[in-house]
1. Just to check your reading of the model, which residue among Asp130, Asp145, Asp139 is closer than 21 Å to Ala179 by Cβ and touching a Pro at 6+ places or on another chain (Cβ under 6 Å)?
2. Tally time: how many residues in the range 231-264 are open to solvent by 10 Å² or more (accessible area, probe 1.4 Å) and closer than 17 Å to Ser90 by Cβ?
3. Pick from Ala118, Ala136, Ala143, Ala108: which is at pLDDT 95 or above, buried (at least 24 other Cβ atoms within 10 Å of the Cβ), part of a helix (DSSP H, G or I) and in contact with a helix residue (DSSP H, G or I) (Cβ under 7 Å, 6 or more places away or on another chain)?
4. Taking the range 167-198 on its own, how many of its residues are part of a helix (DSSP H, G or I), over 13 Å from Ala67 (Cβ atoms) and among the acidic types (Asp, Glu)?
5. In the range 37-65, what residues are open to solvent by 50 Å² or more (accessible area, probe 1.4 Å), charged (D, E, K, R) and under 15 Å from Tyr11 (Cα atoms)?
6. If you scan the range 77-105, which residues turn out to be more than 13 Å from Ser200 (Cβ to Cβ), of a type in the set (Ser, Thr, Tyr) and assigned to a helix (DSSP H, G or I)?
7. Taking the range 207-229 as the region of interest, how many residues are in contact (Cβ under 8 Å) with a residue 40 or more places away in the chain and closer than 23 Å to Met247 by Cα?
8. Is there a residue being buried (at least 21 other Cβ atoms within 10 Å of the Cβ), in a helix (DSSP H, G or I) and not acidic (Asp, Glu) anywhere in the range 66-73?
Amino acid sequence: MKLAVDGKQAYAYTAGRALDAMLPSVVFVHGAANDHSAFLLQSRYFAYHGCNALAVDLPGHGRSEGAPLTTIGAMADWLASFMDAAGIGSAALVGHSMGSLVTLECAARHPARARALALIGTSAPMPVGDALLGAAREDSHAALDMLNIWGHSATAQLGGNTVPGIWMTGAYVRLLERARPQVLHVDLKACHEYADGGASAAKVRCPTLFVLGSRDMMTPPRSAKDLRAAIPDARTVILDGAGHALMAERPDAVLDALIAFVAGSKS
């Protein structure tokens, strides 16, 4: 699906299904320097099981036009505008990593938009080390290597992809390599500078799900503790042995958690 949002063309993967105003919607938001393909399995399932499913490409990512937005707040407002353009009043918002901050902020700023909220691989604050920021600023491949190593559990480094013949870390670095110059740096800087997580979490009133990896080195479960405490109606699923790249390492477990959660939040 291609839509005009703020004067630029925006893309969302819908699994080839037309939107149906009578169905509940699920909107997926990817992480830094990623695109809609991070949620292919999950979005496709919902699209064929009674929901409108839209996995967005944020501005400057994937097939969406424009420059990448420089703050989490700007991305959250863009997401609300995207939903306007798609004719979606409210949805279950699902975000991974940077996308989790975007959906959190959208739910806080635009509460009528969020019927439910699922935060995958999240923390707030979400600090980024100087070495990674510096390498991303230089568009150095070292930044991709750092993300690839830190973003996967030790088991994932050895293989273990649920799709036979697919190299998990190799596929991830190819995804990062597709990003346009400076996109990774802009995204990481936005995560690093986002300071409203606690205050925004306190404004969330919809049912919320945290999906966290027990071996996540980038957003370890303990770093989401304050967010979880601030949201009244929150539940947590911790995937044992999983790292930060949860949709790649534990695709079925992430999908199962989302199925149960979205089913319980349909109105």
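1. Asp139
2. 3
3. Ala136
4. Qualifying residue count, the range 167-198: 2.
5. Hits for the range 37-65 are Arg63, Glu65.
6. The answer is Ser81, and nothing else.
7. Matching residues across the range 207-229 total 16.
8. Within the range 66-73, the subset buried (at least 21 other Cβ atoms within 10 Å of the Cβ) is 68-69, 72.
Now narrow it down to the ones that are in a helix (DSSP H, G or I): 72.
Restricting the remaining residues to those that are not acidic (Asp, Glu) gives 72.
Looking through the range 66-73, at least one residue is buried (at least 21 other Cβ atoms within 10 Å of the Cβ), in a helix (DSSP H, G or I) and not acidic (Asp, Glu).
The values are calculated or read from the model by the stated rules, or taken from the named source; none is laboratory data. Keep in mind the model is a prediction, meaning the values are calculated, not measured. Quick reminder, even Gly has a Cβ in these numbers, built from the backbone with ideal geometry, and neighbours come from all protein chains shown. These area figures cover heavy atoms from the full protein model, side chains too; ligands, DNA and RNA do not enter into them. Shrake-Rupley method; radii C 1.70, N 1.55, O 1.52, S 1.80 Å.
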